[in-house]
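Student: This is the structure I want to talk about, given as structure tokens.
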Amino acid sequence: MKWLSKSYVGVVMTFLYAPIIVLIVFSFNQSKSRGAWTGFTLDWYRQLFHNETILQSLMNTLVIAVVSSVIATLLGTLAAIGIVNMKRWQRNLVMNITYMPIINPEIVVGVSLMLLFVWIKSMGVAVEFGFVTLVLAHITFNVPYVILNVMPKLRQMDTSLYEAAQDLGCNPRQAFFKVVVPEILPGIISGFLMSFTYSLDDFIISYFVSGPTSQTLPITIYSMTRRKVSPEINALSAIIFVVVLVVLLAVNIHDAHKERESRMKARARA
Amino acid sequence: MKEENIVSLRNISVDFDGDPILTGLDLDIRDKEFVTLLGPSGCGKTTTLRTIGGFITPKSGDVFFDGVRINDLPPHKRHVNTVFQRYALFPHLNVFENVEFGLKLQKLPEHERRQRVQEMLELVNLSGFEHRNIDQLSGGQQQRVAIARALVNRPRVLLLDEPLGALDLKLRKEMQIELKRMQQSLEITFVYVTHDQEEALTMSDTVVVMNDGDILQVGTPQDIYNEPKNAFVADFIGESNIVDGVMYEDFLVEFAGRKFECVDKGFGSLERVDVVIRPEDLKIVDAKTAPLTGVVESVIFKGVHYEMIVDAHGYKWMVHSTACEEPGTFVGMEVRPFDIHIMHKMEVEG
């Protein structure tokens, strides 16, 4: 039975990773056509790093991701603190409103944000579709993820910690920064990382609110594929995959290390 | 006398979401005293403590600290520190940093901070644990860190909210003695909240018995135990037989169908009263000459003594005796006049 379960896992892995492996292999292919292997080359990578459009949209994507996830983390954390201190029915109400953008299809969020910006523009406010609308849209869909990550940490926290800080001489602001923030920091960080990745990843919503001056990487790739799939895109995708893989490995190794440490501590205590 | 009171509560009322918790509470706490607020859960003892700490603003009434009204003073400006029920140690700081927390806020120089933290850790027997994380400590050790963290700030008053509740019996007994020792050597006021009457009697200079947001009795442990003011206090402090009685005249009370000589006076003629007799004050004697007789219903061995329930014509008496009587035996009981405690009927039956 052991070989059966092992080969089952093997089959699943193959289905999951075969496309990516093909993509990476063909990013080194000399031929422009996808079908046949004609020899190894790094040309596509070289071309990629000279492609202004791609580099510019990569830059846009990163800046939008950083700006929107930082702002979303601030707003979301403050919101979570407010929500936790609400009365039960208020909290339930606000939490359901918070879930809404997550449950909604992205296309609905995208279209409605676009309509909103168009309407605001028609009111005479100068909003250009581009950087500002993208950042606003990304903040909008990221805030709920931050709230959902920070809330459990706040609810786990012993409320008397905040009181203890005040008891020992903290004014409310000091108590918040010296005691509450360190306690909920893991939630804030995971909320930030989620926002950051969702922002990098987002295509549908960004598609509706981006303008000609400011395009994100997913939109650029999409418009490139509509014309002709260039192996540059293979190269770019391969790089993205490797970066994600490295980050994931780093996180996992860090977690495993931490777990081993805490297990050793527990053993030392016993 | 006024100057001696370090904390005074005057006519304090506190509501939670419209439910009254405290209604017009008055309490004076004398300086350098070990005061215990004792009562069943929900009696308002923790609320009283939190009012002193500044975590609850009373709806009406005044809080005085050293003669100064401090109603509007936030917790971080009060010269009191609290040992919280579940310790509330900061998990992201180690033992040393937890204790140092308050001193850092006072912006004391580093060498002074270190010296004072070391002194405190010595006082609570935790020298050498400076760099431990909080999750590496046992419950008793965490408790000690919480005490050190509060005391290092040299508060005038230390508030303790059922601090030993989570510890096992042996450790609790040790900590009771240690807390008392600390209070005496540091010469500061301890206000201690507990529902454990034994703990209250062991440690306190003054016990404040509370129920339903009211103070029922304030006195020394001896007063509270020997002269409870009403049946609730008598029942809550130790075990008691409480029966209905009628005061005939001064020094004469009727209960269980007989008249007994007693040492209380000043009740109205034929006033209905509660008669309280401690189980250890009932003595098993020969049934022929005894004022009270009955049949032993059950016997439980309690170590130091046997606890017997004696059914005397419908009155069930709890008797503690070192001699064992078999269930079903017909026995007599007697009680000395000064062991009969007469109390006014409580206005509201709890």
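What follows is calculated from the coordinates using simple rules that are stated; it is not laboratory data. The structure displayed is predicted, hence computed values, not measured ones. Quick reminder, even Gly has a Cβ in these numbers, built from the backbone with ideal geometry, and neighbours come from all protein chains shown.
Student: Taking neighbour counts of Cβ atoms within 10 Å as a proxy for exposure, in what order, fewest first, do A:W44, A:W3, A:W119 appear?
Tutor: Ascending Cβ contact count within 10 Å gives the list A:W3, A:W119, A:W44.
Student: Can you list the HN-Hα couplings for the range B:123-135, worked out from phi with the Karplus curve (6.51, -1.76, 1.60; θ = phi - 60°), rounded to whole Hz and with x for Gly and Pro?
Tutor: 4, 9, 6, 10, 4, x, 9, 3, 9, 6, 7, 4, 6
Student: log₁₀ I(q)/I(0) of the range A:3-43 at q = 0.28, 0.29, 0.34 Å⁻¹, via Debye over equal Cα point scatterers, no solvent, to two decimals?
Tutor: Reported log10 I(q)/I(0), two decimals: -0.87, -0.90, -1.07.
Student: While we're looking at this one, here's another question. Over the range B:161-205, what number does the Rg to Rh ratio reach, with both radii from the alpha-carbon atoms and Rh per Kirkwood?
Tutor: Values: Rg = 10.1 Å, Rh = 10.8 Å.
Rg/Rh for the range B:161-205 comes to 0.93.
Student: Also: Give me the three principal axis extents of the range A:80-134 from the C-alpha atoms, as integers in angstrom, largest value leading.
Tutor: Taking max minus min along each principal axis of the Cα atoms, the range A:80-134 gives 40, 24, 19 Å.
Student: Okay, moving on. Please find, in a Gaussian network model of chain A (springs between Cα atoms separated by less than 10 Å), the residue of A:K228, A:K153, A:K32 whose mean-square fluctuation is greatest.
Tutor: Answer for the Gaussian network model of chain A: A:K228.
Student: What pairs in B:K32/B:K170; B:K173/B:K302; B:K173/B:K283; A:K178/B:K59; B:K229/B:K265; B:K59/B:K104 have C-alpha atoms more than 24 Å from each other?
Tutor: Over 24 Å apart, Cα to Cα: B:K32/B:K170; B:K173/B:K283; A:K178/B:K59; B:K59/B:K104.
Student: When you take every Cα atom in the range A:43-141, what is the radius of gyration, and what is Dmax, the widest Cα pair distance, in Å?
Tutor: Looking at the range A:43-141, its Cα Rg and Dmax stand at 18.0, 62 Å.
Student: Can you give the mean number of other chain Cβ atoms that lie within 10 Å of the Cβ atoms in peptide A:155-165?
Tutor: Values: counts 0, 0, 1, 7, 1, 8, 8, 2, 8, 15, 7.
Average neighbour count from other chains, rounded to a whole number: 5.
Student: Here's a follow-up. Between the range B:22-48 and the range A:174-204, what is the separation of their alpha carbon centroids in Å?
Tutor: 43 Å
Student: On to the next question. Given R₀ = 56 Å, FRET efficiency for A:N96-B:K288 by Cβ-Cβ distance, to 0.05?
Tutor: Values: r = 79 Å, r/R0 = 1.41.
Computed FRET efficiency for A:N96 and B:K288 comes out at 0.10.
Student: Just for the Cα atoms in the range B:238-327, what are the lengths along the principal axes, largest first, rounded to whole Å?
Tutor: Computed over the Cα atoms, the extents are 41, 29, 19 Å.
Student: Which residue fluctuates the most in chain B, going by a Gaussian network model with Cα springs under 10 Å, if the choices are B:E261, B:E97, B:E112?
Tutor: B:E112
Student: Please compute, over every Cα-Cα pair in the range B:28-144, the percentage with a separation greater than 25 angstrom.
Tutor: Of all Cα-Cα distances in the range B:28-144, 38 percent exceed 25 Å.
Student: Which value, in Å³ per residue, describes the convex hull spanned by the Cα atoms of chain B? Mind dumping the intermediate values first?
Tutor: Details: hull volume 58.1 nm³, N = 350.
Hull volume normalised by residue count: 166 Å³.
Student: Taking Cα pairs under 8 Å and at least six residues apart, what relative contact order does chain B come out at, in percent?
Tutor: Here the relative contact order equals 15 percent.
Student: If you take each beta carbon of peptide B:133-141 and count the beta carbons of other chains within 10 angstrom, what is the mean?
Tutor: Whole-number average of other-chain Cβ neighbours for B:133-141 is 1.
Student: Which value, to two decimals, describes the C-alpha radius of gyration of the range B:1-96 once divided by 2.2 N^0.38 Å?
Tutor: Rounded to two decimals, the normalised Rg is 1.16.
Student: Turning to a different aspect of this structure: Given N residues in the range B:74-226, what is its alpha carbon radius of gyration divided by 2.2 N^0.38 Å?
Tutor: Compared with the compact-globule rule of thumb, the range B:74-226 sits at 1.08.
Student: May I pose another question? Which residues' amide hydrogens lie under 5 Å from the amide hydrogen of B:C262, considering only partners 5 or more residues apart or on another chain, with H built in the peptide plane?
Tutor: Under 5 Å from the amide H of B:C262 lie the amide H atoms of B:L252, B:V253, each far enough along the sequence or on another chain.
Student: Going out from 0 in 10 Å bins, what whole percent of all Cα-Cα distances in the range A:132-253 drops into each bin?
Tutor: Taking every Cα pair in the range A:132-253, the percentages come to 11, 27, 28, 18, 11, 4, 1.
Student: Would you calculate, for chain A, the mean residue ellipticity at 222 nm contributed by helices, counting each DSSP H stretch of 4 or more residues as -39,500 (n - 2.57) and dividing by all residues, to the nearest 500?
Tutor: So the helix-based figure for chain A works out to -26500 deg cm²/dmol.
Student: R0 = 56 Å: FRET efficiency of A:L248 with B:F16, Cβ-based, nearest 0.05?
Tutor: Computed FRET efficiency for A:L248 and B:F16 comes out at 0.70.
Student: Here is a follow-up. Could you point to the residue in B:L167, A:F192, A:Q174 farthest towards the positive end of the protein assembly as shown's charge dipole, with +1 and -1 charges on the Cβ of Lys/Arg and Asp/Glu respectively?
Tutor: A:F192
Student: What is the set of long-range amide H partners of B:L216 at a cut-off below 5 Å, with H atoms built 1.01 Å from backbone N?
Tutor: HN-HN under 5 Å from B:L216: B:V209, B:M210, B:N211.
Student: Give me the dipole magnitude in Debye, nearest 20, for the protein assembly as shown about the Cα centre, with unit charges on the beta carbon: positive for Lys and Arg, negative for Asp and Glu.
Tutor: Using Cβ point charges on Lys, Arg, Asp and Glu, the protein assembly as shown gives about 4060 debye.
Student: Sorted from largest down, what three extents in whole angstroms do the Cα atoms of chain A have along their principal axes?
Tutor: Here the spans come out as 73, 66, 35 Å, largest first.
Student: Could you point to the residue in B:G18, A:S112, B:M247 farthest towards the positive end of the protein assembly as shown's charge dipole, with +1 and -1 charges on the Cβ of Lys/Arg and Asp/Glu respectively?
Tutor: Selected residue: A:S112.
Student: Shifting gears a bit: Given the range A:179-232 reduced to its alpha-carbon atoms as identical point scatterers, what log10 I(q)/I(0) does the Debye formula return at q = 0.26 Å⁻¹?
Tutor: -1.00
Student: Would you give the gap between the C-alpha center of the range A:127-165 and the C-alpha center of the range B:256-334, rounded to a whole Å?
Tutor: Centre-to-centre distance over Cα atoms comes out at 68 Å.
Student: If Rh is defined by the Kirkwood formula over all Cα pairs and Rg also comes from Cα, what ratio Rg/Rh do you get for the protein assembly as shown? Before the final figure, lay out the partial values.
Tutor: Numbers: Rg = 36.4 Å, Rh = 31.2 Å.
We get a ratio of 1.17 for the protein assembly as shown.
Student: Enter the angle in degrees (range 0 to 90, nearest 10) between the Cα long axis of helix A:52-84 and the first principal axis of the Cα atoms of chain A, meaning the one along which they spread out most.
Tutor: 20 degrees
Student: Still on this structure: Please list, in chain and number order, the residues 5+ apart from B:T293 or on another chain whose amide H is under 5 Å from its amide H, with Hs placed from the backbone.
Tutor: So B:T293 has HN proximity to B:M333.
Student: Still on this structure: Can you tell me how much longer the chain between B:E227 and B:I242 gets when fully stretched, taken as 0.36 nm per residue apart minus their C-alpha distance, in nm with one decimal?
Tutor: Between B:E227 and B:I242, full extension yields an extra 4.0 nm.
Student: With everything on Cα atoms, drop me the angle between helix B:95-105 and the longest principal axis of chain B, reported from 0 to 90° to the nearest 10.
Tutor: So the inclination is approximately 70 degrees.
Student: Take chain A, connect every pair of alpha-carbon atoms lying under 10 Å apart with a spring to form a Gaussian network, then pick out the residue of A:V22, A:V67, A:V251 with the largest mean-square fluctuation.
Tutor: Of A:V22, A:V67, A:V251, the most mobile in the Gaussian network model is A:V251.
Student: Right, another one. Can you compute the helix-only [θ] at 222 nm over chain B? Use -39500 (n - 2.57) per DSSP H run of at least 4 residues, normalise by all residues, nearest 500 deg cm²/dmol.
Tutor: About -7000 deg cm²/dmol.
Student: Once the Cα atoms of the range B:146-185 are picked out, what are the Rg and Dmax in Å?
Tutor: 10.7, 29
Student: Right, something else. What is the pair-distance distribution P(r) of the range B:17-62, computed from all Cα-Cα distances in 5 Å bins starting at 0, with each bin given as a whole percent?
Tutor: 5, 17, 30, 29, 15, 3, 1, 0
Student: Now a separate question. Starting from the exponent 0.38 and prefactor 2.2 Å, build the expected Rg for the range A:1-84 from its residue count and divide its actual Cα Rg by it.
Tutor: 1.84
Student: Related question: For the range B:162-285, which semi-axes, largest first and in whole Å, follow from the square roots of 5 times the eigenvalues of its Cα gyration tensor? Could the numbers behind the result be given before it?
Tutor: Values: eigenvalues 244, 49, 31 Å².
Semi-axes from the Cα gyration tensor: 35, 16, 12 Å.
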